[in-house]
Every structure is written in structure tokens, then in C-alpha cells.
1. Any residue at all in segment 253-267 that's in contact with a Leu (Cβ under 7 Å, 6 or more places away or on another chain), within 16 Å of ligand 4 (Cβ to nearest atom) and not in a strand (DSSP E or B)?
2. Among the residues of segment 169-191, what is the count of those that are farther than 25 Å from Val54 by Cα and away from ligand 3 (no atom under 14 Å from the Cβ)?
3. Taking the condition of being farther than 30 Å from Leu109 by Cβ, surrounded by 13 or more Cβ atoms within 10 Å (Cβ to Cβ) and more than 16 Å from ligand 2 (Cβ to nearest atom), how many residues in segment 55-82 meet it?
4. Sort through Gln220, Gln203, Gln198 and tell me the only one that's modelled with pLDDT of 95 or more, in contact with an Asp or Glu (Cβ under 6 Å, 6 or more places away or on another chain), away from ligand 3 (no atom under 11 Å from the Cβ) and not small (Gly, Ala, Ser).
5. Quick one: how many residues across segment 35-79 are more than 16 Å from ligand 4 (Cβ to nearest atom) and among the small types (Gly, Ala, Ser)?
6. Is segment 172-192 home to any residue that is modelled with pLDDT under 95, within 30 Å of Glu98 (Cβ to Cβ), among the hydroxyl-bearing types (Ser, Thr, Tyr) and within 16 Å of ligand 2 (Cβ to nearest atom)?
7. Check Arg121 against each of (1) modelled with pLDDT of 95 or more; (2) touching a Leu at 6+ places or on another chain (Cβ under 8 Å); (3) under 28 Å from Phe181 (Cβ atoms); (4) not aliphatic (A, V, I, L, M) and name the one condition it does not meet.
8. Answer yes if at least one residue in segment 181-199 is within 13 Å of ligand 1 (Cβ to nearest atom), touching a residue at least 60 places away in the same chain (Cβ under 8 Å) and touching a Lys or Arg at 6+ places or on another chain (Cβ under 7 Å), and no otherwise.
Amino acid sequence: VKAAHGNGLCFFDPRMQTAISQRVQLETDLQTALVLQQFKLHYQPQYTLAGTIVGAEALLRWQHPERGLVTPGEFIAVAEESDLIVAMGDWVLRSACEQLVAWGREANLCHLRLSINVSARQFRRPDFAQQVIAMLQQTGAPAHLLKLELTESLMLDNVDDTIAKMHQLRTKGVRFSVDDFGTGYSSLAYLTRLPLHQIKIDQSFVRNLGVRPTDDVIVQTIIGMARNLELEVIAEGVETEAQKKFLALHGCDLYQGYLLGRPMPVADLEVQPPLWPSP
Ligand code: C2E
Ligand code: CA
Ligand code: CA
Ligand code: CA
């Protein structure tokens, strides 16, 4: 093994050894976390411009006994390199379906849509669509309130497989959103080939609205394109009134971000008041 630094050959780099054992430790801890049920979902609300809450995105959290609440940035990448992400994804799917069933019993919550994030390794399993359908049946969750967020790169990695799976699920009523839209380098032609319902403007563009003129143009273009394709468009990472105003001016349908609500435990989401008075 040639060391990354220096020009000698070396067979043992203590720093690399540390990194590897930390990572093995993290994998073990994640497995334990699944067994001990240390994962939970936080919910970030999604609003119309008029201030009606229409749904939420479920975001994974790890309630760690010593480290407290850990966000996905610290563990998702490692989980995604093994089948751990599949087990975690199954847990997320089941929890989301159970949440939808619980909301279905409350008059003021029964209309809420729930988005979940799906990783590539999970989506590419041959039986992914069947698993989702089975989970909907087992739990009794209404399919039309479940939305799967797939990134652009995931969808394009194997378009034929993507289309087949999406159609299977779309037939049952499940909806799809393109997560992190605009961050890929792909042609937009595929958009018309996929049974999509929503595109989600990536927060990296929203962040620079009014700061970087090229991002103003990109966001304007994405919204215009979504409207022409009759897709719903949602902006994530909305942090300021100015960003919200810009998005509203150009016709963005839905809004998600710290300005409107952080990811929160379900009990808090359930008592979220409408944000803005209806016009
Ligand atoms: P994402 O799907 O792009 O989710 C949006 C992230 O932006 C979330 O971070 C959310 O807390 C954060 N966010 C929301 N509003 C704002 C805002 O106004 N400003 C800023 N700066 N950030 C905002 P989080 O919860 O740490 O999740 C990070 C990523 O981890 C997610 O990015 C998603 O890719 C992944 N992830 C989260 N939950 C799951 C899951 O259940 N399964 C899988 N496969 N991935 C997940
Ligand atoms: Ca997402
Ligand atoms: Ca995103
Ligand atoms: Ca992201």
C-alpha cells in the first residue's frame, strides 16, 4: 500500500487505522441503535404561501445515550455504504406509515402529507416497490399521503429501473418528489419521462437568493419549468422573509425552512398553528 503522503511505501498508517476503527465502531453502534430503538423521526412542516400546513418531511434522528440527539450528517454516509441503510430505511418507512395512520384518526391532521427520504441502496433493491406496497397494506396507511423523496442522481442512475418502480408505486397512489433539484448535471428531458408530482429546489440555491444573481435566475427558471410541466414546486432551506418573498413572487407553491419551522418532534408538529393569515 502506498501512503497518501510522502513517497515511501508503508503498510501501516496509524491514522488510517484510527479512521477505519472509528468507522467500524460507528457501524456497530448503528446496528445497536436499531435494536435498542434509538432512532426517531423529526418532522419539518411544509406550508403554502397562505400559511396552511400541508405536510411534513420526516428527518431521521439518533437519540444517542451519551451524545444526545445526533443528526444524519454524522451517520448517514457510513450507513449508506452498507446494508445498514436498508434496515434503517425500512424502519423509517414503517414509522412514517404508522404516523400517517395515527394522523388519520385526527380531523385536523388527517390531510397531512408525509415525505420520507429514500437512499439509492434502498431504492435499487429489486423488491423495493413491493416492500413499500406491503408496508402500506400492513399498516393501513393511505398511499396518497406518502411522498418519497428521491435525488436527481439516484433517479438517473438507472432510468429504466427507476421508471418501472415509480410506476408500480404511482399506481397505488404514492407520490414522488425530486430532492435537491438543480444540483445534478443532467439534462431535464428525463423529467417528462418520470411520474413525478413535485420538485424540491435545493437549499443551496435558496440560500443565495438576492446574493448571487445567477441563483436568482436558476430559481426563477426552475419554478417556471415546474409550472410548465404542471409539477408542484417546493423550496427547502427558506430562512428569511426576503427569500420567501422572492420565491412567492415567482410562483413557488410550498415552503419549508427554519423561517417557518425547524424539524421537530411529532407532538410539536401536531400543534403548529398556521403561520400567516390567509390573504
Ligand atoms: P435533505 O433531504 O436535503 O433534508 C434537508 C436538510 O436541511 C435537513 O437536515 C434539514 O434539517 C435541513 N434544513 C431544513 N430547513 C433548513 C434551513 O432553513 N436552513 C438550513 N441550513 N437547513 C435546513 P438533516 O435533518 O440534518 O438531514 C440531512 C440529510 O440527511 C437530508 O438532507 C437527507 O439527505 C438525509 N436524511 C435525513 N433523514 C433521512 C432518512 O430517513 N433516510 C435517508 N436515506 N436519508 C435521510
Ligand atoms: Ca429531503
Ligand atoms: Ca434536500
Ligand atoms: Ca440534501
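The values are calculated or read from the model by the stated rules, or taken from the named source; none is laboratory data. From a predicted model like this one, the values you see are computed outputs, not experimental measurements. Heads up, the Cβs are rebuilt from the backbone with ideal geometry, glycines too, and the neighbour counts pull from every protein chain shown.
1. yes
2. First pass over segment 169-191, keeping only residues farther than 25 Å from Val54 by Cα: 183-190.
Still in the running and away from ligand 3 (no atom under 14 Å from the Cβ): 185-190.
Matching residues across segment 169-191 total 6.
3. 2
4. Sole residue among the options that is modelled with pLDDT of 95 or more, in contact with an Asp or Glu (Cβ under 6 Å, 6 or more places away or on another chain), away from ligand 3 (no atom under 11 Å from the Cβ) and not small (Gly, Ala, Ser): Gln198.
5. Qualifying residue count for the region: 5.
6. No.
7. Just one mismatch for Arg121, condition (2).
8. So far as segment 181-199 goes, no, none of its residues is within 13 Å of ligand 1 (Cβ to nearest atom), touching a residue at least 60 places away in the same chain (Cβ under 8 Å) and touching a Lys or Arg at 6+ places or on another chain (Cβ under 7 Å).
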